[in-house]
Amino acid sequence: MKYCSISEASAKFNIPESTLRYYEKKGLLPLIERDEAGRQLFSENQIALLETVICLKNTHMPISGIKQYIDWVVVGENTIELRLEMMKNHKQAVLDEISLMTESLKGIDLKISRYTKRTQESKEEG
């Protein structure tokens, strides 16, 4: 199996090494292996799991939710239904947030339009 160092994993996902250490401390990266010097080694499976953690984090799942998901992954196949339900619920939460953001963006566009008009008017007057 191929392994990469914490610095390689950090570069691959463009996140600080300190974030990876934090994720491990919070239990989001279980079963991390270490070299003789105690440095973290990320297997291909760990990289895939990290990718999932980052995806969930980027879509605003709380650390506690991500931890629950990871715990279920570690338990194994008999948690598939729980994971499926969690992912369905999280997807709906993401869609709701996208909808809210899209609606809020209209208000920002209105302000930009209003301020653009005002600045153009003041230039014409001046």
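The values are calculated or read from the model by the stated rules, or taken from the named source; none is laboratory data. Keep in mind it's a predicted model, so treat the numbers as computed, not measured. Virtual Cβ from ideal backbone geometry, glycine too; neighbours counted across all protein chains shown. For accessibility, only protein heavy atoms count, side chains too; no ligands or nucleic acids. Shrake-Rupley method; radii C 1.70, N 1.55, O 1.52, S 1.80 Å.
State whether the residues of segment 51-61 include one that is at positive phi and under 17 Å from the mean Cα position of the chain (by Cα). Within segment 51-61 (the criterion being at positive phi and under 17 Å from the mean Cα position of the chain (by Cα)), the answer is yes, since at least one residue qualifies.
Taken over segment 1-24, the residue count meeting the criterion of being charged (D, E, K, R) and closer than 26 Å to LYS91 by Cα is 2. Of the conditions (1) open to solvent by less than 40 Å² (accessible area, probe 1.4 Å); (2) within 28 Å of ILE98 (Cβ to Cβ), GLY27 fails just one. Which one is it? The one condition GLY27 does not meet is (2). The condition (being in contact with a helix residue (DSSP H, G or I) (Cβ under 6 Å, 6 or more places away or on another chain) and modelled with pLDDT of 95 or more) is satisfied by just one residue among THR102, THR79: THR79. The residues of segment 54-79 that are among the β-branched types (Val, Ile, Thr), without any contact (Cβ under 8 Å) to a residue 12 or more places away in the chain and open to solvent by 70 Å² or more (accessible area, probe 1.4 Å) amount to a single one, VAL75. Answer with yes or no whether VAL94 is open to solvent by 90 Å² or more (accessible area, probe 1.4 Å) and β-branched (Val, Ile, Thr). No. Selection within segment 34-46: residues that are more than 14 Å from VAL73 (Cβ to Cβ) and out of contact with any Phe, Trp or Tyr (no Cβ under 7 Å at 6 or more places or on another chain). The member of this set that is least open to solvent (accessible area, probe 1.4 Å) is GLN40.
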